[in-house]
1. Just one of (1) over 21 Å from the mean Cα position of the chain (by Cα); (2) touching a residue at least 12 places away in the same chain (Cβ under 8 Å) trips up Gln31, so point out which.
2. Can Glu66 be described as loosely packed, with under 12 Cβ neighbours inside 10 Å and free of Cβ contacts under 8 Å to residues at least 24 places away in the same chain?
3. From Ala74, Ala96, Ala88, which residue is part of a helix (DSSP H, G or I), surrounded by 13 or more Cβ atoms within 10 Å (Cβ to Cβ) and without any contact (Cβ under 8 Å) to a residue 60 or more places away in the chain?
4. Only residues that are surrounded by 11 or more Cβ atoms within 10 Å (Cβ to Cβ), free of Cβ contacts under 8 Å to residues at least 12 places away in the same chain and not hydroxyl-bearing (Ser, Thr, Tyr): list them for the stretch 41-61, please.
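None of the figures in this text is laboratory data; all of them are computed from the coordinates on show. No experiment lies behind these values; they were computed from the predicted model shown. Virtual Cβ from ideal backbone geometry, glycine too; neighbours counted across all protein chains shown.
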Amino acid sequence: MPINFTKAIVGQLQREIADLDNQAGVLKQKQHKAQAKIKQLQRDMKLSQSSSDLSSKLSRVNKHNEEIKTATRALADLAKQITAKKTALEQHLSKAARREES
């Protein structure tokens, strides 16, 4: 492969890895916010007087727990993709280094 083509692939892989890292950061923030909302709801539940209010808060807690589970699954998928991209990047970089030596 020509060096320019290898550089293009390496650049593309680096951009994709950076994009996946950004997506992972966004998902981690969503998880953190959902956990904070759950904690707030749990505090509010202690002060609640009516059963309908408690029921509403429990529903919201369940919704936030589902959001956390979804984000966790997505983070696991992103981690796999990042690992695959980093492996491909290392392979292309080693190929480029071998070509430059010869």
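1. It fails just one condition, (1).
2. Values: loosely packed, with under 12 Cβ neighbours inside 10 Å: yes; free of Cβ contacts under 8 Å to residues at least 24 places away in the same chain: yes.
Yes: the conditions hold for Glu66.
3. Details: Ala96 fails: without any contact (Cβ under 8 Å) to a residue 60 or more places away in the chain; Ala88 fails: without any contact (Cβ under 8 Å) to a residue 60 or more places away in the chain.
Among Ala74, Ala96, Ala88, only Ala74 is part of a helix (DSSP H, G or I), surrounded by 13 or more Cβ atoms within 10 Å (Cβ to Cβ) and without any contact (Cβ under 8 Å) to a residue 60 or more places away in the chain.
4. Across the stretch 41-61, the qualifying residues are Asp53, Leu54.
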